[in-house]
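A.B. asks: One structure follows; several queries about it will come next.
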Amino acid sequence: MNVVIVESPAKAKTINKYLGKDFEVYASYGHVRDLPAKDGSVDPDADFAMLWDVDAKSGKRLSDIAKAVKDADRIILATDPDREGEAISWHVLEVLKAKRVLKDKRVERVVFNAITKAAVLDAMKNPRAIDEALVDAYLARRALDYLVGFNLSPVLWRKLPGARSAGRVQSVALRLVCDRELEIEKFVSREYWSLVAHLKTKAGEPFTARLVGADGNKITRLDIGAGAEAEAFKAALDAATFSVAEIEAKPAKRHPWAPFTTSTLQQEASRKLGFAPARTMQLAQRLYEGAEIDGETVGLITYMRTDGVDLAPEAVTSARAVIGKEFGAAYVPKAPRKYTVKAKNAQEAHEAIRPTDLTRLPKHVVRALEPDQAKLYELIWTRTVASQMESAELERTTVDILALAGDRKLDLRATGQVIRFDGFLRLYQEGRDDGEDEDSSRLPEMAKGEPLSKERIDASLHFTEPPPRFTEATLVKRMEELGIGRPSTYASTLAVLRERDYVRIDKKRLYPEDKGRLVTAFLESFFTRYVEYDFTADLEEKLDRVSNHEIDWKQVLREFWTDFSGALDGTKDLRTTQVLDSLNDILGPHIFPAKEDGSNPRACPSCGAGQLSLKLGKFGAFVGCSNYPECKFTRTLANAEAGELAQGDRPGVKVLGLDPATEEEITLRDGRFGVYVQQGEGDKPKRVSLPKTLAPGDLTLELALGLLSLPREVARHPETKDPILAAIGRYGPYVQHGKTYANIGKDEDILTIGGNRAIDLIVAKESGLTGRRFGNPDSAPSRVLGDHPSGGPVTIKAGRFGPYVNHGKINATLPGGSDPTTLTLEEGVALLTAKAAGSVSIQGRLLGEHPDGGPITVRAGRFGAYVNHGKINATLKKDASPEDVTLEEAIRLIEEKSAAGGGGRTAKKKAAPAKKPAAAKAPAKAAKLKTSGARTNGSARAAAPAAVKDDEPPFEATGKTPARALKAAPRAKPAAKAPAAKARKAKQG
């Protein structure tokens, strides 16, 4: 018996079908060991000895793998082909060695760049040993990340209250965002003018030309800087006569872009599809691991973490054949295109990201994929095919025009571009970032010396603009240009910055939060070298050299630790005043922006005599007056919210009106923790913070009184009859019952939240259904939904991975987006029935159970919302809302679709009968085997897409399939049952 170990259950399920009965496939579920978050996990004094910890979840899976290995003849490590995959194989092997189960068994490492039958079987024929250099590079990277994070974060906590953490790559990425914001704040806009002449040829065809010179001197974009100068040029042009001086037409070619690497895929998916890098990688992972196509589970794209841009010879041949068939021989270049990249890392040997089979057009797979998966597959397919297409042929024309105004000679220029042959542009054009534009207008025919007539002259005022803020796509692009991070780190780095509130995203732009700017300023002041772009890039290059067997990984660590530990020691005696002085200098333009009247931006608006400066408090930084405690003026760092409040006779205070009941003054104020509402004056006036969802400019007296009335009673608890209160606390709006607190949603209003919603939130929190729980699942709180039709209670419980319904030994996880507080008994029974029948996880919103068994769901499709039952999909009518569709309406739609011979992924003349609900769940050991990734001999589902005519374009034009293309899919034969002895052996594995 051969035991194959991969990292994911989806990958295990796919390749399990390619290997014979002599193979059992297990999943490690990612990394099985990690450095524990405690002192000493990496010990520099012991030559960087590393202590690894196996968590309970991984320990159980490793025990299952070890049991299988005991009876195996050969162990095959088949994790991903990159550095992380090599590390997972090494970790698994180290654990198996420690368990003493290997003995003299053969251990082999295999890698495949695509999860297809041919690629997997070929890899099995060409095993190798674990690449120790790749493992060393992983160990060095992991040790560096630990040494920086574990030693630098405590310094931040002590010296900079409110800071969360710092990381080796994360801190440099954050600096990029903060530096760009500082550039914007320091930017001084400049006025400039442009003059454009609207002209006509002798034949009366219009075009425009721009002023580029005067009296023998060139005029660039910013040279005309005053309105008077612009008006003088305009007057001269109004009086001038125009003629064509020179015409130059040059042929040009535009070549296609290289196939996708990890970073270019993330950038283009962000531009074209609006996906965040993390979302792009999540979808790409699922495309790589496989989907069911034509009744077979197959990987749709090659490995998605790569810096390589080359394509395998068979892929190039396939692409050229597809181009010739779909677009014609003129679009096939004479010789295949070869791409290279100058990246210096070890992943260069990998292929670019491409479809595993280029003849599998986007329209062939759209019905087998979720909408976002289909969009990403189409993007990868078009980029790959376009990369092997013929170049586009252009003609770029420049016309110089002479304008004579008395004794003045003014020069104008018109430019245009014509596409003579579209080439690859017929299929694909890359998205553009800020400031990228191209003149693609076409100029009319004209001849040298031809007189031109004038329609009008436009003199336009412009202002220079600061550099644009980064999007996630442009930040990834910049990180790649600087050599910061690697393909596997981009998405996670950006995610960490958002999770720790160091940056926020608004209209796809990255804005640094005050907390992030403070951390960056602190690191720039006291750990300058470690947030420098060149230093981080050089360190990445050293790690790549470790991967290439060029240098020793521990030598890299020694050199780094010698300097870094010295920098840490230098902060031990660091005084708070030193920290504040540095932060005040670096963040001055942000905290104290220049005033329009030229007055001192640091002058205290309250007392007038004191100077404002940065202060550090228990909960973070704020701005305060130097005359404290006589002057108690404070505000947050960013003055944008409080700009309006700083004006008037009472700086920092805006009077909203009087309370009708008490006649006390209601004011809006800016304090050290943000903007707040205050009622009256005195030692302890009533105050309430402004919710993040409410802008200071939108606050009215009525809203302010509503906030001051908090906490308010919104309902009575159904069991205790005690009040449920709504209020705003330090962490935002919440509802409260006794000692139970539940946060309300970001889109919910604390002033209008109703009683039913408040009760749902409290009941969910009290039953433990809103958070993760660890330990014994039997001890988790539960809510009884009712009795199952076959007997026994159906309950909803809180699980480690989210809420689930339970009946006996059957557990079914709730679909994403489901509210555990509103789940009904019928919906719970449908989930349990589907789970017992061995169905895949439910997608979309669950409506209930079909009379013949199986769940009915409503889903968002590429061509509109539809209801699903098994393999039957029925599109909703255009005027029907997916939120309002009922179970009865869905059943009727499905029956109509079935009667008409319609299907879902398979087009059938007759709908297959629904599966009967399983009477009982399989034994517990068998279930354990399945979750461990062992081979199972389930029957293959027939999921052949509807046939598509070969002469159709390679895109899905409509959601309908011609009736003549429908064929009845052959019904899959059930797999033969395994002998009892073999089944027992499988269970023991």
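A.B. asks: Quick one: what pairs do we get from the stretch 363-382, first residue farther than 19 Å from Glu296 by Cβ, second surrounded by 20 or more Cβ atoms within 10 Å (Cβ to Cβ) and polar (S, T, N, Q), C-beta under 7 Å, 6+ apart or different chains?
C.D. replies: Filtered contacts from the stretch 363-382: Leu376/Thr280.
A.B. asks: Also, quick follow-up: Would you pick out the residues in the stretch 443-479 that are surrounded by fewer than 20 Cβ atoms within 10 Å (Cβ to Cβ), of a type in the set (Gly, Ala, Ser) and not in a strand (DSSP E or B)?
C.D. replies: The answer is Ala447, Gly449.
A.B. asks: Which helices (runs of 4 or more DSSP H) sit wholly inside the stretch 115-202 and have at least 1 residues that are out of contact with any strand residue (DSSP E or B) (no Cβ under 6 Å at 6 or more places or on another chain) and within 23 Å of Arg478 (Cα to Cα)?
C.D. replies: Output list reads 132-159, 170-186.
A.B. asks: Report whether or not Ala68 is more than 22 Å from Asp82 (Cα to Cα) and crowded, with 22+ Cβ neighbours inside 10 Å.
C.D. replies: yes
A.B. asks: Step by step: first the residues of the stretch 561-606, then only those that are more than 22 Å from Asn627 (Cβ to Cβ) and aliphatic (A, V, I, L, M), then the one that is surrounded by the most Cβ atoms within 10 Å (Cβ to Cβ). Which residue is that?
C.D. replies: Filtering first and then ranking leaves Ile586.
A.B. asks: I'd like to know if the stretch 119-127 contains one or more residues that are surrounded by 15 or more Cβ atoms within 10 Å (Cβ to Cβ) and among the charged types (D, E, K, R).
C.D. replies: no
A.B. asks: Next question, about the same structure. Answer yes or no: is there a residue in the stretch 340-353 that is under 21 Å from Thr489 (Cβ atoms), acidic (Asp, Glu), in contact (Cβ under 8 Å) with a residue 24 or more places away in the chain and in a helix (DSSP H, G or I).
C.D. replies: Checked against the condition, which is being under 21 Å from Thr489 (Cβ atoms), acidic (Asp, Glu), in contact (Cβ under 8 Å) with a residue 24 or more places away in the chain and in a helix (DSSP H, G or I), the stretch 340-353 yields at least one hit.
A.B. asks: Tell me which residues, restricted to the stretch 586-623, are over 38 Å from the mean Cα position of the chain (by Cα) and of a type in the set (A, V, I, L, M, F, W, C).
C.D. replies: Ala603, Cys604, Cys607, Ala609, Leu612
A.B. asks: Another question about this same structure. In the stretch 8-28, which residues are touching a helix residue (DSSP H, G or I) at 6+ places or on another chain (Cβ under 7 Å) and more than 15 Å from Gly299 (Cα to Cα)?
C.D. replies: Glu24, Val25, Tyr26, Ala27, Ser28 - these are the residues of the stretch 8-28 that are touching a helix residue (DSSP H, G or I) at 6+ places or on another chain (Cβ under 7 Å) and more than 15 Å from Gly299 (Cα to Cα).
A.B. asks: Could you go through the stretch 39-51 and let me know if any residue there is at pLDDT 90 or above, under 27 Å from Met304 (Cβ atoms), crowded, with 22+ Cβ neighbours inside 10 Å and among the aliphatic types (A, V, I, L, M).
C.D. replies: no
A.B. asks: Let me ask another. Which residue is surrounded by the most Cβ atoms within 10 Å (Cβ to Cβ), if the candidates are limited to the stretch 524-535 and must be within 26 Å of the chain's Cα centre (by Cα) and part of a helix (DSSP H, G or I)?
C.D. replies: Val531
Yes or no, residue by residue, for (1) on the phi > 0 side of the Ramachandran plot; (2) within 35 Å of the chain's Cα centre (by Cα); (3) part of a helix (DSSP H, G or I); (4) not basic (Lys, Arg):
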site: Glu540; (1), (2), (3), (4): no, yes, yes, yes
site: Arg545; (1), (2), (3), (4): no, yes, yes, no
site: His549; (1), (2), (3), (4): yes, yes, no, yes
site: Gln555; (1), (2), (3), (4): no, no, yes, yes
site: Thr562; (1), (2), (3), (4): no, no, yes, yes
site: Gly566; (1), (2), (3), (4): no, no, yes, yes
site: Thr571; (1), (2), (3), (4): no, no, no, yes
site: Gln578; (1), (2), (3), (4): no, no, yes, yes
site: Asn584; (1), (2), (3), (4): no, yes, yes, yes
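A.B. asks: Filter the stretch 356-393 down to the residues that are modelled with pLDDT under 95 and of a type in the set (Val, Ile, Thr), then identify the one that is surrounded by the most Cβ atoms within 10 Å (Cβ to Cβ).
C.D. replies: Checking each candidate, the answer is Val365.
A.B. asks: Give the residues of the stretch 500-523 that are under 28 Å from Asp544 (Cβ atoms) and surrounded by fewer than 19 Cβ atoms within 10 Å (Cβ to Cβ), sorted by residue number.
C.D. replies: none
A.B. asks: Restricting the search to the stretch 106-132, which residues are among the basic types (Lys, Arg) and under 19 Å from Ala291 (Cα atoms)?
C.D. replies: If the condition is that a residue be among the basic types (Lys, Arg) and under 19 Å from Ala291 (Cα atoms), then Lys117 is the only one that fits.
A.B. asks: Could I ask something else about it? From (1) at negative phi; (2) surrounded by fewer than 18 Cβ atoms within 10 Å (Cβ to Cβ), pick out the condition that doesn't hold for Arg635.
C.D. replies: (2)
A.B. asks: Could you figure out which of (1) in contact (Cβ under 8 Å) with a residue 40 or more places away in the chain; (2) out of contact with any Lys or Arg (no Cβ under 7 Å at 6 or more places or on another chain) isn't true of Arg669?
C.D. replies: (1)
A.B. asks: Another question, then. Out of curiosity, is Ile724 in a strand (DSSP E or B), of a type outside the set (S, T, N, Q) and surrounded by 17 or more Cβ atoms within 10 Å (Cβ to Cβ)?
C.D. replies: Taking the combined requirement at face value, the residue satisfies it.
A.B. asks: Within the bounds of the stretch 438-449, is there any residue that is touching a helix residue (DSSP H, G or I) at 6+ places or on another chain (Cβ under 8 Å) and touching a residue at least 40 places away in the same chain (Cβ under 8 Å)?
C.D. replies: Within the stretch 438-449, not a single residue is touching a helix residue (DSSP H, G or I) at 6+ places or on another chain (Cβ under 8 Å) and touching a residue at least 40 places away in the same chain (Cβ under 8 Å).
A.B. asks: Only residues that are modelled with pLDDT under 90 and in a helix (DSSP H, G or I): list them for the stretch 95-114, please.
C.D. replies: If the condition is that a residue be modelled with pLDDT under 90 and in a helix (DSSP H, G or I), then no residue fits.
The values are calculated or read from the model by the stated rules, or taken from the named source; none is laboratory data. Here the structure is a predicted model, which is why all the values come from computation and not from measurement. Ideal geometry is used to build each Cβ from the backbone, glycine not excepted, and the neighbour counts take in all protein chains shown.
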